[in-house]
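Since the structure comes first, as C-alpha cells, the remarks are kept for the end.
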Amino acid sequence: MIPYGRQQISEEDIESVVDVLRSDFLTQGPVVPQFEQAVCDYTGAKFAVAVNSGTSALHIACLALGLQQGDWLWTTPITFVASANCGLYCGAQVDFVDIDPLTWNLSISVLEEKLAHAKTQRRLPKIVVAVHFAGLPCEMERIRQLSKEYGFSIIEDACHAMGGCYQGVPIGAGAYSDITIFSFHPVKNITTGEGGMTVTNSAELAGQMKRLRSHGITSEPQQMTRSPDGPWYYQQIGLGFNYRMTDLQAALGLSQLKKLDEFIASRRRIATTYDYELSAFPLQLPYHTAQNNTLSGLHLYVVRLQQGSVHNRKELLENLRACGINVHVHYIPVYAQPYYQQFGYNREDFPEAEKYYSQALTLPIYPSMGKRDQQTVIAALHEELTRQTNKKEFVKS
Ligand SMILES: *Cc1c(COP(=O)(O)O)cnc(C)c1O
C-alpha cells in the first residue's frame, strides 16, 4: 500500500535514541532542552517548550493565554479536531471561520465580517487558532492587524507547516502571533513518535507553559511564594499536567530536525511533479506558489474534484485504495463531528467548507516517496478520472 504520508527514520536516528537508552535519563533530561534550543535556532523563536503531543501544546498554549470559561476560541473548520478541542479543554466555547476557496485556510474576509458582527454581540474571541492547512501559511500579517483591532491572541497551529516560511522567515519565528505549536506525530514533517512543541518570543508565556507541562510546579525561587526550605524544595503554584516529552523522543527529534530541510526539498519535488502532471486533469490543485517569499511546509497534497463534474469522490477513493494507493480526505469539518452537534452549528454558515469537504482528496506525499510510486498514483488517478468523465485523456494547455 502506498500511504498518504509516513515517517523516514535513518540509522543515525536509531543510534541517537539508543544512546539515550544507555544514558542516565529516559524521561525529561538533558536532551529535551537541547532539542528545544535546536528548534529555537531553526525557527528564530526565543523560547521553546517541548511536550508529549501537538494536542498538549495547543492545550497549554490556550491556558497560558488565559483562555477560560466564558471565552471564545475561533479556528477553521477544515483542520484536525485538536485545533478546536483545546478551547473546550479550557471550558471556552468554540466557533469556526469559513475557509478561503483558493488557499483553503481560514478566510480573512469572513474573519473580518465575523469579528465586526461579534463586536456588536459582545462575544469577540479571546484566541484565534490560525491553522496553516497542508503547510500553507495563513495571511498572518492581516490576522495580526485584526488582532490589534479586536484584541484577541493568536496561536499558529503549524502542525503541517514546520520547515515552511512566511515572508522569508521560518514558520515559528512568531512575528505575527503569540505562540506557535508543532506536532511530531509520524505523519508530520519530522517525528518523535508522539510529541509536540510550543514556541514563543515571550519569556512569561514560555515560563507559564513550562509549569503547565509539569503539574504547575516550579523550582525557581523567584517564582515561589516564599524562600525555599532547602535545595529539595519546589512549589506547585498552579494546576498543570504531566505533558513532558522524554529524552528518547527529544533525541529522535534532534536527529530528525537535521534533515528537515532535506525532507521539505523532497516534498517540494513531489509536489512540483504533481503540479505539472495533474495540470490538465479536471482538478483544483493546491495553492502553494512561492509568493512573497512564503513557502508551504507541504505536509499534505490535497486536490479538489472540479465542481459540477460527474466525479464521484467516494468511488474514486475506493478504487484508488483498491489499487493499493491509500488516498484520504483531510478533513471532515470539525463542526460536523457528532460531539460538536451539541453546540448547535449550522452547516449553511460554512458554505466553502461544505463544498471543500465534498470535493477534497489527499494524494500521497512523503520524503521517501519514489518516482515510480508517484507515477503509479498519477496513472491510477488518470485512469479513474478519464473513466468517470468519459474522456480518453486530458490535454495540457
Ligand atoms: C496532528 C495535528 C494536531 C495534533 O497533533 P498531535 O501531535 O497528534 O497531538 C493538531 N493540529 C493539526 C492541524 C494537526 O494536523
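The values are calculated or read from the model by the stated rules, or taken from the named source; none is laboratory data. All values derive from a computational prediction rather than experimental measurement. Reconstructed Cβ throughout: ideal geometry from the backbone, glycine too, with neighbour counts over all protein chains shown. Just so you know, the surface numbers come from the protein's heavy atoms only, side chains and all, with ligands and any DNA or RNA stripped out. Shrake-Rupley method; radii C 1.70, N 1.55, O 1.52, S 1.80 Å.
For region 111-136, the candidate set comprises residues that are open to solvent by less than 10 Å² (accessible area, probe 1.4 Å) and within 16 Å of the ligand (Cβ to nearest atom); within that set, the residue that is farthest from THR79 (Cα to Cα) is ILE127. Taking residues in region 346-358 that are under 18 Å from LEU317 (Cα atoms), and partners anywhere that are aliphatic (A, V, I, L, M) and part of a helix (DSSP H, G or I), the pairs with Cβ atoms closer than 8 Å and at least 6 places apart or on different chains are TYR357/ALA336. Only residues that are in a loop (DSSP other than H, G, I, E, B) and not β-branched (Val, Ile, Thr) were counted in region 226-262, giving 18. Using the structure shown, decide if SER53 is open to solvent by less than 40 Å² (accessible area, probe 1.4 Å), modelled with pLDDT of 95 or more, near the ligand (Cβ under 9 Å from one of its atoms) and under 19 Å from ASN242 (Cα atoms). Spelling it out, SER53 is indeed open to solvent by less than 40 Å² (accessible area, probe 1.4 Å), modelled with pLDDT of 95 or more, near the ligand (Cβ under 9 Å from one of its atoms) and under 19 Å from ASN242 (Cα atoms).
Figure legend. Inter-residue proximity from region 53-80: first residues in the same structural domain as ASN189 (by TED's automatic domain parsing) and within 19 Å of ALA161 (Cα to Cα), second residues more than 16 Å from the ligand (Cβ to nearest atom) and open to solvent by 10 Å² or more (accessible area, probe 1.4 Å), beta-carbon distance below 6 Å, spacing 6+ or different chains. No pairs are indicated.
Can you spot a residue in region 139-155 that is open to solvent by less than 10 Å² (accessible area, probe 1.4 Å), within 12 Å of the ligand (Cβ to nearest atom) and either touching a Lys or Arg at 6+ places or on another chain (Cβ under 8 Å) or assigned to a loop (DSSP other than H, G, I, E, B) (or both)? Within region 139-155 (the criterion being open to solvent by less than 10 Å² (accessible area, probe 1.4 Å), within 12 Å of the ligand (Cβ to nearest atom) and either touching a Lys or Arg at 6+ places or on another chain (Cβ under 8 Å) or assigned to a loop (DSSP other than H, G, I, E, B) (or both)), the answer is no, since none of the residues qualifies. Scan region 120-138 for residues that are part of a loop (DSSP other than H, G, I, E, B) and on the phi > 0 side of the Ramachandran plot and the total you get is 1. Right, VAL81: over 21 Å from ARG142 (Cβ atoms), of a type in the set (A, V, I, L, M), within 16 Å of the ligand (Cβ to nearest atom) and surrounded by fewer than 22 Cβ atoms within 10 Å (Cβ to Cβ) or not? So VAL81 passes the test.
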